[in-house]
Every structure is written in structure tokens, then in C-alpha cells.
Amino acid sequence: MPLITAENTFALGALLFGLAWLGFYIDERPLGKKTSGVVWVLVLSMVLSNLGAIPLESPVYGFAFGTLVPMAIPLLLLRADLRLIFRQSGRVMITFLVAAAATLIGAALGFYLFDLGEIGAKVAGIYAGGWIGGAVNFLAVSEAVELGPTDFSAALSASSVVSVLALMSLLALPTLKWLSSWLPAKAPGTHATHEETASAQPEEPALKLTHISGLLALAMLIVWLGNTAGEWLTGSDQYNILFVTIVTLVAANLFPRQIEPLQGDFALGMLCMYLFFAAIGASTNASAFLESAVILFFFGCFIIAVHLVVVLTVARLLKVELAEAIVASGAALVGPAATAAIASARGWRSLVTPGIMCGIFGYAIATFLGVALTRVLA
């Protein structure tokens with residue numbers, strides 16, 4: 001018997017929230033730049049369950065899987081106004097589409113080169129979704145293709161390490177002299193005004209109960225509509241997460257003015273995701289996890305390598321600036337926030353907004369691309 005039983009809802013809930021807090025705390029510290037807080041949440045919860053402190057199965061985890069995951073989708077995608085995205089992304093969007101295609105190519109080639117077993121097609125789709133969009137797409141694709149908790153933990157842990165390597169590669173590319181001579185190294189319009197850069201940075205959300213309650217009500221309404229549409233059109237609930245995404249995108253593009261003033265949606269979505277990561281780690285069998293994580297790490301590295309080679313080669317053919325290529329690649333591989341940080345650190349201030357816009361667009365399309373790749377490979 002574990003120290004905390006499966007029916008002890010409040011004790012398990014306190015632990016999951018505590019792990020989520022730890023993950024957010026680490027993300028705000030220098031350690032979080034090297035190893036994401038997600039990895040710590042996942043590993044610590046897995047250690048606790050495999051040592052017998054908490055159960056491997058519990059209705060509390062089921063709530064995280066069945067309720068928090070679909071709730072996170074609308075909360076994290078409500079800002080995906082496609083008209084605004086295309087208007088502000090400029091030439092970087094073209095390169096971003098190349099980057100998305102490069103990720104799909106890498107995942108498909110890796111599927112045939114690496115012996116990933118029965119989960120090969122699923123992991124290929126999940127990695128493609130994660131490295132075109134972000135963690136929300138990684139999670140959504142895994143739900144749609146029905147990847148088990150242990151395999152999910154192995155895939156997420158391996159991809160987290162690979163993502164750090166990808167970020168380090170993107171930071172290092174501009175310093176390579178041969179690459180700077182191969183591609184133009186200076187981005188056009190780098191002297192954008194401070195106001196442009198500041199406006200692209202997300203503001204710290206204020207806790208307003210009218211906003212929080214409204215966002216939760218809206219998210220639940222979207223999940224209900226998406227689930228209803230999915231079950232009605234397909235006869236099952238396997239792809240409900242895709243329909244939730246579609247309904248969210250429809251709402252984001254039909255009512256952008258009404259959604260824009262709301263504050264706290266992203267923070268709530270991230271909280272749902274971190275709680276899910278804690279629950280998935282607690283459900284993971286450590287021995288099976290260790291068996292599959294190593295091969296998935298090399299599979300992920302292969303995808304990133306193919307991605308960078310394709311993006312840089314096409315950038316040379318299309319005469320795309322090195323800075324634009326790096327920002328577009330970053331928007332896919334590491335997401336909008338990290339890409340904005342890369343652009344700001346390198347002095348490419350005019351590319352901050354396009355990087356953020358392309359990253360958000362990746363959130364909007366990556367789940368569909370990841371699921372489609374799994375279906376094709378399977």
C-alpha cells in the first residue's frame with residue numbers, strides 16, 4: 001500500500017499542486033533555462049510513485065487526463081487570431097512553413113531509420129506536433145493517438161533534453177563564421193523602435209475574478225461543443241481533442257475583440273498542463289520508462305538535425321536572412337517565448353513580433369499535422 005492511497009483526493013491534490021508550483025518556480029530560476037521545470041515535475045512524481053509514496057493509479061489522475069487536458073487547449077489557443085498572425089509575421093512566416101515541413105520530414109525519416117516498436121508512428125506524430133507547435137500540441141497529439149502514460153513520460157523526458165539542445169544550437173548558429181558567410185547574417189529592419197519590441201512581450205496577467213471565471217466558463221463551453229461535435233461526426237471520442245482545437249480557433253477568429261481584453265488565459269492553461277504532467281509522471285512505470293527513453297532521445301536528435309539542415313538549405317536557396325531563418329526555426333522548435341528571447345538577445349528587435357506570431361500559428365496547426373503524420377505512418 002502506498003503512503004497516500006488512491007482515494008485520498010485532497011492529499012494527492014496537494015501533492016500535484018505542490019509539484020506544479022515547484023515546476024513554475026524552477027522555470028523562473030537560472031536552472032529552468034537549462035532544464036525545464038516540466039522535467040522536474042515529471043521525474044519527481046515518477047520517483048514518488050515508483051518508491052511507493054503515492055499510487056500508480058488514482059481517480060485524481062483520471063481527472064487530470066480527462067478534464068484538465070481538454071481545458072488547457074482553449075485556454076492556450078484563445079489568442080490565435082489568424083488574420084493578425086499573417087499580418088504581423090511577414091517573410092518569417094514563409095520560412096516557418098518550411099521549418100514545419102522540415103520537422104515532418106525528419107520525423108517521417110526517423111520513423112523508418114529507428115526501431116521504435118509499436119509506438120513508432122505515435123511518437124513520430126507527437127514529436128512533429130511538439131516541434132511545430134509546443135507542449136500543448138505534444139500533449140494534444142498524445143491524447144488523440146492514445147499513447148500510454150509510461151510511453152508518454154519517456155517521450156516527453158527525451159524530447160525535453162533534445163529541446164534544450166535545439167535551443168543551444170539556435171543560439172550558437174549566428175556565431176558560426178562559415179554559416180554567416182553562407183547566409184546573410186544581418187536581419188533587415190533591426191532598428192525597430194523600443195515600443196514595437198515592448199508591445200510584443202506578454203504582460204504579467206492580473207488576477208481578476210471576472211476574467212478568470214469568464215475564461216473558465218468559455219473553456220468549458222468550448223470543450224463541451226468540441227466533444228459533442230467529435231462524438232457526433234466520428235461516433236467515438238478518440239479525436240475530440242481535434243474538434244476542441246477547431247472550435248477554439250473558430251472562437252479566436254470570430255471574436256478577437258471580445259477575447260483580447262481578458263487576462264489570465266495562458267496562466268490557467270499552463271497550470272492545467274503542469275498538473276497533467278505531475279499526474280502522468282505519477283502513473284509511469286520507471287523500468288519501462290528507462291527502456292524506451294534512450295532510443296527516443298536519439299530519434300529526437302535526428303529530427304532536429306534534419307530540421308536545421310532543411311531550413312538552412314532552403315533559406316540559402318530562397319535568399320532568406322540567417323536571422324529570419326533562425327527565428328522561424330525557433331518558433332517551431334522552442335516556441336514563441338524562447339524565440340522572442342533569442343531575437344531580443346541577438347538585437348533582432350524587428351523579428352520579435354514575427355517570431356511570436358509564427359509560434360502561435362504553430363500552436364494552431366501542429367496538432368492536426370501531428371495526428372495526420374501518425375495516421376500516414378501507421
Checklist outcome for this item: For the stretch 220-242, pairs from a residue that is in contact (Cβ under 8 Å) with a residue 12 or more places away in the chain to a residue that is outside any helix (DSSP H, G or I) and among the acidic types (Asp, Glu), with Cβ under 7 Å and 6 or more apart or across chains, are ASN227/ASP237; GLY230/ASP237; GLN238/GLU146
Next on the checklist: Among the numbered criteria (1) closer than 30 Å to CYS358 by Cα; (2) surrounded by 14 or more Cβ atoms within 10 Å (Cβ to Cβ), which one does LEU19 miss?
Outcome noted: (1)
Next on the checklist: Restricting to the stretch 141-176, name every residue that is closer than 13 Å to THR374 by Cα, assigned to a helix (DSSP H, G or I), in contact (Cβ under 8 Å) with a residue 24 or more places away in the chain and not β-branched (Val, Ile, Thr).
Outcome noted: GLU143, ALA144
Checklist outcome for this item: The condition from (1) more than 26 Å from SER157 (Cα to Cα); (2) in a loop (DSSP other than H, G, I, E, B) that GLN238 misses is numbered (1)
Checklist entry - Only one of (1) of a type outside the set (Ser, Thr, Tyr); (2) at pLDDT below 95; (3) surrounded by fewer than 23 Cβ atoms within 10 Å (Cβ to Cβ); (4) assigned to a helix (DSSP H, G or I) fails for ASP115. Which number is that? => result (4)
Checklist entry - Given the structure, is LEU42 under 25 Å from GLN258 (Cβ atoms), out of contact with any Pro (no Cβ under 7 Å at 6 or more places or on another chain), in contact (Cβ under 8 Å) with a residue 12 or more places away in the chain and surrounded by 21 or more Cβ atoms within 10 Å (Cβ to Cβ)? => result no
Item to check | Within the stretch 314-378, helices (runs of 4 or more DSSP H) holding 3 or more residues that are modelled with pLDDT under 90 | outcome: 335-346, 352-377
Item to check | Any pair with Cβ under 9 angstrom, 6 or more apart, that starts in the stretch 106-128 at a residue that is touching a residue at least 24 places away in the same chain (Cβ under 8 Å) and on the phi > 0 side of the Ramachandran plot and ends at one that is part of a helix (DSSP H, G or I) and of a type outside the set (A, V, I, L, M) | outcome: GLY117/SER292
Checklist entry - All but one of (1) free of Cβ contacts under 8 Å to residues at least 60 places away in the same chain; (2) part of a helix (DSSP H, G or I) hold for GLY281; which doesn't? => result (1)
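Only one residue in LEU308, LEU225, LEU296 is modelled with pLDDT of 90 or more, of a type in the set (A, V, I, L, M) and closer than 21 Å to SER45 by Cβ, so which one is that?
On the way: LEU308 fails: closer than 21 Å to SER45 by Cβ; LEU225 fails: closer than 21 Å to SER45 by Cβ.
Only one candidate passes the filter, namely LEU296.
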Checklist entry - So which of ALA293, ALA305, ALA341 is farther than 14 Å from GLY134 by Cβ and without any contact (Cβ under 8 Å) to a residue 40 or more places away in the chain? => result ALA341
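Here are ILE126, ILE119: which of them is of a type outside the set (Phe, Trp, Tyr), farther than 18 Å from ALA341 by Cβ and in contact with an Asp or Glu (Cβ under 7 Å, 6 or more places away or on another chain)?
Values: ILE126 fails: in contact with an Asp or Glu (Cβ under 7 Å, 6 or more places away or on another chain).
Within the list ILE126, ILE119, the selection yields ILE119.
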Checklist entry - Could you say which residue among GLY230, GLY235, GLY281 is within 30 Å of GLY18 (Cβ to Cβ) and either surrounded by 17 or more Cβ atoms within 10 Å (Cβ to Cβ) or not aromatic (Phe, Trp, Tyr) (or both)? => result GLY281
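Among the candidates VAL39, VAL43, VAL69, single out the residue that is under 21 Å from GLY362 (Cβ atoms), at pLDDT below 85 and outside any loop (DSSP other than H, G, I, E, B). Walk me through it before giving the result.
Numbers: VAL39 fails: under 21 Å from GLY362 (Cβ atoms); VAL43 fails: under 21 Å from GLY362 (Cβ atoms).
None of the others qualify; the one that does is VAL69.
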Checklist entry - In this structure, is ILE54 more than 19 Å from VAL164 (Cα to Cα) and either polar (S, T, N, Q) or buried (at least 17 other Cβ atoms within 10 Å of the Cβ) (or both)? => result yes
Checklist entry - Which condition number does PRO354 fail, the rest of (1) surrounded by 23 or more Cβ atoms within 10 Å (Cβ to Cβ); (2) under 26 Å from ALA80 (Cα atoms); (3) within 15 Å of the chain's Cα centre (by Cα) being met? => result (3)
Item to check | Complete set of residues in the stretch 75-96 that are part of a helix (DSSP H, G or I) and out of contact with any Asp or Glu (no Cβ under 8 Å at 6 or more places or on another chain) | outcome: LEU77, LEU82, ARG83, LEU84, ILE85, PHE86, ARG87, GLN88, SER89, MET93, ILE94, PHE96
Checklist entry - Looking at CYS358, is it within 16 Å of LEU167 (Cα to Cα), in contact with a helix residue (DSSP H, G or I) (Cβ under 6 Å, 6 or more places away or on another chain) and in contact (Cβ under 8 Å) with a residue 40 or more places away in the chain? => result no
Checklist entry - When you go through (1) in a helix (DSSP H, G or I); (2) in contact (Cβ under 8 Å) with a residue 24 or more places away in the chain; (3) not basic (Lys, Arg) one by one for ILE26, which number turns out not to apply? => result (2)
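The values are calculated or read from the model by the stated rules, or taken from the named source; none is laboratory data. Fair warning: this is a prediction, and the values are worked out from it, not measured in the lab. No Cβ is skipped: glycine too gets one built from the backbone with ideal geometry, and neighbour counts run over all protein chains shown.
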